[in-house]
Amino acid sequence: MHENLTLNVEQKGTRVPVTIFHIGGWLDAQSEAQFLEAARTAYEGGARYLLVDMHDLDTITSAGMRAIQKVYQMFTPKEEQFKVARVKLCNAPPQIYNVLGITGFLQNLPMYESLDDALVTFNQE
């Protein structure tokens with residue numbers, strides 16, 4: 001049974017302002033455009049640091065991973081690749097974490113166990 005993507009946006013003030021996407025349901029081909037549009041809207045609105053909270057995410061497909069990769073590219077200037085992580089992930093359920101780890105996806109995108117653990121790292125860059 002397919003679940004639609006839920007996406008709630010929150011702002012947190014750390015050393016840098018961080019936009020948080022709380023996502024749930026399925027991040028797949030059917031929800032890829034919704035996720036990308038939310039990221040584009042945030043970026044055009046001035047967001048430069050994004051944290052994707054995956055706590056309620058049930059399923060991620062290759063299309064969902066492609067969407068996250070596109071968002072990473074949107075938020076990360078070429079000269080900063082591998083220097084500053086402007087997009088971070090947190091709270092992935094075990095099945096999501098395993099998929100992201102096995103595919104090598106986490107080599108460029110840091111993953112944190114909790115929202116608070118991730119937010120602290122934005123203060124250290």
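The values are calculated or read from the model by the stated rules, or taken from the named source; none is laboratory data. In this text the structure is predicted, and so the values were computed from the model without any measurement. All Cβ positions, glycine included, derive from the backbone under ideal geometry; neighbour counts span all protein chains shown. Please note that ligands, DNA and RNA were not included when accessible areas were found on the heavy atoms of the full protein model with its side chains. Shrake-Rupley method; radii C 1.70, N 1.55, O 1.52, S 1.80 Å.
Would you pick out the residues in segment 103-114 that are at pLDDT 95 or above and among the hydrophobic types (A, V, I, L, M, F, W, C)?
Met111
Residue by residue through segment 104-125, note down the ones that are farther than 21 Å from Gly24 by Cα, out of contact with any Phe, Trp or Tyr (no Cβ under 9 Å at 6 or more places or on another chain) and among the polar types (S, T, N, Q).
Scanning segment 104-125 gives Gln107, Asn123, Gln124.
Which one is nearest to the chain's Cα centre (by Cα), of the residues in segment 67-106 that are of a type in the set (D, E, K, R) and under 24 Å from Gln11 (Cα atoms)?
Lys88
Write out, first by first residue and then by second, each pair whose Cβ atoms fall under 6 Å of each other, whose residues are 6+ apart or on separate chains, and whose first residue, in segment 5-19, is farther than 20 Å from Leu36 by Cα while the second is open to solvent by 60 Å² or more (accessible area, probe 1.4 Å).
Within 6 Å, the pairs are Thr14/Asn123; Arg15/Asn123.
Kindly provide the set of residues from segment 100-112 that are open to solvent by 30 Å² or more (accessible area, probe 1.4 Å) and closer than 11 Å to Met54 by Cβ, ordered by number.
Hits for segment 100-112 are Met111, Tyr112.
Leu89 - would you say it is among the aliphatic types (A, V, I, L, M), surrounded by 14 or more Cβ atoms within 10 Å (Cβ to Cβ) and touching a Lys or Arg at 6+ places or on another chain (Cβ under 7 Å)?
Answer is no for this residue.
May I ask you to list the residues in segment 1-60 that are open to solvent by 50 Å² or more (accessible area, probe 1.4 Å), closer than 19 Å to Leu115 by Cα and among the small types (Gly, Ala, Ser)?
If the condition is that a residue be open to solvent by 50 Å² or more (accessible area, probe 1.4 Å), closer than 19 Å to Leu115 by Cα and among the small types (Gly, Ala, Ser), then Gly13 is the only one that fits.
List pairs: first residue in segment 71-93 and at positive phi, second residue at pLDDT 90 or above and assigned to a helix (DSSP H, G or I) anywhere in the structure, Cβ distance under 9 angstrom, at least six positions apart or on different chains.
Taking only residues 6 or more apart or on different chains, the pairs are Asn91/Leu115; Asn91/Ala118.
Report, by residue number, each residue of segment 1-28 that is farther than 16 Å from Cys90 by Cβ, modelled with pLDDT of 95 or more and of a type in the set (Gly, Ala, Ser).
Once the filter is applied, which keeps residues that are farther than 16 Å from Cys90 by Cβ, modelled with pLDDT of 95 or more and of a type in the set (Gly, Ala, Ser), segment 1-28 yields only Gly25.
Checking Gln95 against (1) within 21 Å of Val18 (Cβ to Cβ); (2) exposed (fewer than 13 other Cβ atoms within 10 Å of the Cβ), which test does it fail?
(1)
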